[in-house]
Amino acid sequence: MCGLAHFFEDEGIATVLIALVREHAEAIRSPRALWVPFELGRPLGAPNEPAFQRQVLGAALDLLDSKAGPVVLEDFPDDAPGPKAEETTSWVCPVSFGAPDDEDVSRAVLMSRELETLAPWYQVSLDERGRTRVGVSPLNIGDAAQFVASFLDGEPSESPVEGQKLGLALKDACADVLAYYAEAATAQPGQKSGSDVDRWFWSDTVAGQVLRDVRLLGLDSADDTVKFVAAKLILPKTQGG
Amino acid sequence: MARMEELVESEQAHLRNLPLPTYEKTPWVQGPPASQRRVAIVTTAGLNLRGEQPFRMGAGADYRVIPVSSDTADILMNHVSVNFDRTGFQDDVNIVLPLDRLREMADDGDIESVAAFHYSFMGATDPAMLEPKARELAGMLKEDNVNAVILTPV
């Protein structure tokens, strides 16, 4: 990110970087940077907080008037509104999956049942938010989930997406499954932190357990893309990845 | 949360050990105050419009164009990293692409105007690989009369 500031400025366009990692901004010495003490993934601080977002953007744009450069690095003084990422709030998922009533059912089937249970909530999310993050994979969500779960029975011999390597198809399918669950689970308005949702997905759902196990299997894959995706692009570091 | 000491140890180690580019000098472009700026956003959040080719690690450091008129329902995030929050983006695109805030600022005269086009790279990319495309993009920004860029990471 900081490198882009050098290139644009060198081409004659003034830049202001909103920096999430102060140590990186210090090291790379971009022309103007505003360090913000916000969660990774949230450079404007908090969603649906237009006044706060505008404060952040205003503070960044103010640096365009600075005569102190090159290399101006200022700190935004305020924390973002709402719960901090690491906080546990009173949020609970509105969906209860319940225990399976038949012992021999496969996890692929259990995951399908979870998706069915979540479907009405996903629709609520879609209606309320007017958008979805699901759609990175060209597979529909049911097929994406089944593709991920199929790794538990042995690595598929080919990618279900024409022209896409198996590992990348796996990565996109995992991303869509996670997005579907997160959007459905948070369809109801209310305070929640990112880590609430992460903990719920990775600890309380069959899908989270399936992704964890697919990752472990993928680490031993003979397919380099599967191996790389398993090592780096499925499980967050906060969950032991 | 982006205070280093508040991250889990493995993430701290990753960020501390990340190879960073160094530059002999820092370029510096002076210009008018913000109220006379046409502003574009360039993010490394890995955004693309629905239906476009997703970003791929190691597949080149290209960028995606996001017209200011884009429907937010069509904006996806396909950054390869799983180590940052996506629930904020799920609730509000402005968390990484604050086009609504820029429009408000233009309406209030805080900036002159909002660029017609905004851009996304995918951040988990070697900065040296970004350079050719970034310089190409600078030409497009100039054609749009942009004279200030806000850079947003994730």
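Derivation of every value follows stated rules applied to the coordinates shown; laboratory data play no part. All of these numbers come straight from a predicted model, not from anything done at the bench. We place every Cβ from the backbone using ideal geometry, glycine too, and count neighbours over all the protein chains shown.
One table, with the values for the structure above:
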read-out: Ranked B:SER70, A:SER195, A:SER30, A:SER106, criterion: other C-beta atoms within 10 Å, fewest first; value: A:SER106, B:SER70, A:SER195, A:SER30
read-out: Against the rule of thumb 2.2 N^0.38 Å, how large the Cα Rg of region A:2-75 comes out; value: 1.07
read-out: Inter-chain Cβ neighbour average for residues A:102-114, partner chain, 10 Å; value: 0
read-out: Shielding by other protein chains, B:42-54, mean Cβ within 10 Å; value: 3
read-out: Ordering of A:7-15, A:21-29 by burial proxy (mean other Cβ atoms within 10 Å per residue, highest first); value: A:7-15, A:21-29
read-out: Counting DSSP beta bridges with both ends in the protein assembly as shown, the antiparallel % (nearest 5); value: 30
read-out: Shielding of B:125-137 by partner chains, average beta-carbon count, 10 Å; value: 3
read-out: Where a label projected 7 Å from the Cα of B:GLN30 along Cα→Cβ would reach, residues of region A:8-23 with amide N under 17 Å; value: A:10, A:12-15
read-out: Residues in region B:78-100 reached by a label modelled at A:THR89 [backbone nitrogen below 19 Å; 7 Å Cα→Cβ]; value: B:84-96
read-out: Considering only region B:37-152, percent of DSSP beta bridges that pair antiparallel, nearest 5; value: 45
read-out: Percent of C-alpha pairs per 5 Å bin, region A:74-187, short to long; value: 2, 10, 17, 17, 17, 14, 11, 6, 3, 2, 1, 0
read-out: Equivalent-ellipsoid semi-axes of region A:1-124, from the Cα gyration tensor, Å, largest first; value: 45, 17, 13
read-out: Region B:10-22 - phi-based ³J(HN,Hα) in whole Hz, Karplus 6.51/-1.76/1.60, Gly and Pro as x; value: 5, 6, 4, 4, 4, 5, 5, 9, 5, x, 10, x, 10
read-out: Whole-number D in µm²/s for chain B (Stokes-Einstein; Kirkwood sum over Cα pairs; 4 °C, 1.567 mPa s); value: 77
read-out: Net lengthening on full extension, A:ASP78/A:SER106 (0.36 nm per residue, minus Cα-Cα); value: 5.2 nm
read-out: Cα convex hull of the protein assembly as shown - mean projected area over all directions, nm²; value: 18.7
read-out: Computed FRET value (nearest 0.05) for B:GLU6 with A:ALA51, which takes r as the C-beta separation and R₀ as 35 Å; value: 0.90
read-out: Length-normalised contact order of chain A in % [C-alpha pairs under 8 Å, at least 6 apart]; value: 17
